[in-house]
Amino acid sequence: MSSKKRITLSGSSNIVAEFFEYCINSILFQRGIYEPEDFKMIKKYNLNLLVTTDDRVQAYISEIMKQVKKWIGSQSIKKLVLAIISKESRDVMERWQFDIEIQKDIENENKREKSENEIQNEIQAILRQLTASISFLPLLEEPCTFNVIAYTDKNAEVPQTWIDSDPKYIKYNQEHVKLRSFSTSYHSVDAMVSYRFRE
Amino acid sequence: MDFSSSQLNLIRKDIKDNSKYKNTGLANYKDFLYQENLAQALSINFDQRILTFNAEPPSNERPPLRSSWKESLKSVSSIVKRKIPTHAERILDAPGIGDDYYTNLLDWSSRNIVAIALDSKIYLWNANNGDVNVVCEDTSKIGGNVCSISWTQDGKYLGVGTSEGDTQIWDVEQDRKLRSMYGHITRVGVLSWNKYILSSGCRDGSIHQHDVRIENHRTQTLLGHCAEVCGLSWKNDGQLLASGGNDNLVNIWDIRSSLPKMTKTNHCAAVKALAWCPWQSNILATGGGTQDKTIHFWNTTTESKINSIFTGSQVTSLIWSLDYKEILSSHGFPDNNITIWKYPTLDRIINIQAHEDRVLFSAISPDGQSVATAAGDETLKFWKIWKKNKDNRDSASSSRNHLNKENDNSSKISENDVLMSTFLNKNKIR
């Protein structure tokens, strides 16, 4: 049984990275950043998830994920943020933030090992919550695009394709809602969404 | 916390990378040390970097069939009942007008005098009786070509910016220069008055604030443009200054700060046309040049864009009506027209084929009924497009407002007068 197998660090990194990839795809679909007909439904984590079929978007996301995977592997990434930005005004409309924490007590043998199934259930819960949060998020009335931001260690290796950025906070009328979290034996990931509240 | 630390990281990087900082020497370094200490005291986290993937995501744009269909319905319509003349009320020759987009050579004073600079001579045309005067027959007194002119609110004095970087104040009644205010290294293409403060925009991208009452006139230097400043406009309340430049930026400056309060990069050509809405004081309209052809409307309080119009021609100036909820835009290549738009619906009310060459400058009469336009075809034309209609209750009430406004102005004017004379008296004593 795979669930009995101890998850390695690189296995854990892969789980986290894969989770991000599906999150980004889901958010892009749910928030209408790309046309719904450019997405297809797949089965993952025992859920129906939507992923983009647009080659350009696929390439763009996988280019980002390639680097994020490296950072997760070297334990130098702390946060990953998906900011939804108005095309015209460049104002940040929504900010999906995922905090990545390294579990410190790995050495502790007494700690109960989590099975892959349990992890999957946790991930499933976040993704369900993510889909459900559309009900309280304000409608994006203007055309929007997105940006991915990573908080890394000072000494992390940075390729030329990534540049220093501001944290892309929402400037005013900010509300935020904490979502669920999941953890493997090496990482724990917290999710949060902030959005611009309109009266 | 995160924000300030990333900002500081940027500053650090600047200091490392940028020789500019090295040259400016100790002052900046001290600032840097101070910030460093401050950051430590506040335990801001320097161990992290905030990075973003440096590429725009693929666009999601589809051919805008629906919106283009809507646009076509929006064209010239008969929403406005009054008759707008499509012919100029009066046409004057303007020989030797400097056909340069980046200058500002026309202004209409509150005393109903139109000033226009032709061939580096400033002509004053009295709109009451048609008299023509020349400011300073001896052009050597101005020293250099005239690149910008602007009346004070009371219409007594004329600010003049020259190609040599001099900003001058002329008393037009006595036809003498009151003072020269040096400081710019090259031509001053645009001026804007705010009571006793004269703001001047220079070709090198700097904006100086001159307090004309005092000897050390330069009170502030605003560095927010990296190319020629060609548009400057004070908000009615004198708290905010809007500037536009050849670097395609629109900056808004708070009078209390020398850093821009808001910077907008939406235009993709030089921004010369800037106009504050008279009835909703936080709205600013800006128009872009040949590559851009777009007018944007900004809410300067929330710093967001309210609306945009693609006009199809270079936007050279914008004027809000004082009595109607309308805005006029003047255009250069390719149509050389003027257009009146309804606000906020942005319906095109009328399109007037105004000139044979690009419309360079425009100015509104003190009564708000007429607009003067000067163009590269060497004519100065007057258009009575906002004729007051007594039957129209709307316009009547707003014109009453306008009268009140004039009263307000007159109180400001007297203030202005007093301030100006204090400067003069001081100088006499000296």
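A Förster radius of 60 Å, combined with the Cβ-Cβ distance separating residue B:279 from residue A:192, puts the computed FRET efficiency at roughly 0.90.
The tail of the calculated P(r) for the range A:9-196 beyond 19 Å holds 60 percent of all Cα-Cα pairs.
Projecting the alpha carbon convex hull of the range A:87-199 along each direction and taking the average yields 9.7 nm².
Across peptide B:300-308, the mean count of Cβ atoms from other chains lying within 10 Å of each residue's own Cβ comes to 3.
Using the Cβ-Cβ distance between residue B:308 and residue A:118 with R0 set to 60 Å, the FRET efficiency from 1/(1 + (r/R0)^6) comes to roughly 0.70.
With each label modelled as a point 7 angstrom along the Cα→C-beta vector, the residue A:155-residue B:120 pair spans 6.5 nm.
Scaled against 2.2 N^0.38 Å for its residue count N, the alpha carbon radius of gyration of the range B:180-293 is 1.00.
Once both labels are positioned 7 Å from their Cα atoms along Cα-to-Cβ, the gap between residue B:171 and residue A:62 label points is 7.8 nm. Principal semi-axes of the equivalent ellipsoid, √(5λ) from the alpha carbon gyration tensor of the range B:71-183, are 32, 17, 14 Å from largest down.
Sequentially through the range B:336-342, phi angles give Karplus couplings (6.51, -1.76, 1.60; θ = phi - 60°) of 6, 10, 10, 10, 10, 10, 7 Hz, Gly and Pro residues having no value and appearing as x. For the range A:147-199, chymotrypsin sites (Phe, Trp or Tyr not before Pro) are listed when DSSP marks them as loop and at most 15 other Cβ atoms sit within 10 Å of their Cβ; the list is A:169, A:172, A:197.
Measuring with a 1.4 angstrom probe and ignoring ligands and nucleic acids, residue A:154 comes out at about 100 Å² accessible. Over all orientations, the range B:279-350 has a Cα convex hull whose mean projected area works out to 4.5 square nanometres. Taking all protein chains as they are arranged and a probe of 1.4 Å, the heavy atoms of residue A:18 leave approximately 70 Å² accessible to solvent. Only counting protein heavy atoms at a 1.4 Å probe, give the residues of the range A:147-165, ordered by number, whose accessible area falls by 50 Å² or more when the other protein chains are present relative to the chain alone. In the range A:147-165, residues shielded by partner chains: A:151, A:154, A:163, A:164, A:165.
At an R0 of 22 angstrom, the distance between the Cβ atoms of residue B:180 and residue B:99 translates into a FRET efficiency of 0.25. Name the most mobile residue of A:21, A:94, A:175, meaning the one with the largest mean-square fluctuation, in a Gaussian network model of chain A with Cα contacts below 10 Å. Result: A:175 has the largest fluctuation of those listed. Direction-averaged projected area, Cα convex hull, the range A:151-199: 5.5 nm², rounded to one decimal.
The values are calculated or read from the model by the stated rules, or taken from the named source; none is laboratory data. Because the structure is a prediction, the values reported are computed rather than measured. For neighbour counting, all protein chains shown are included, and Cβ atoms are generated from backbone atoms with ideal geometry for every residue, glycine included. For accessibility, only protein heavy atoms count, side chains too; no ligands or nucleic acids. Shrake-Rupley method; radii C 1.70, N 1.55, O 1.52, S 1.80 Å.
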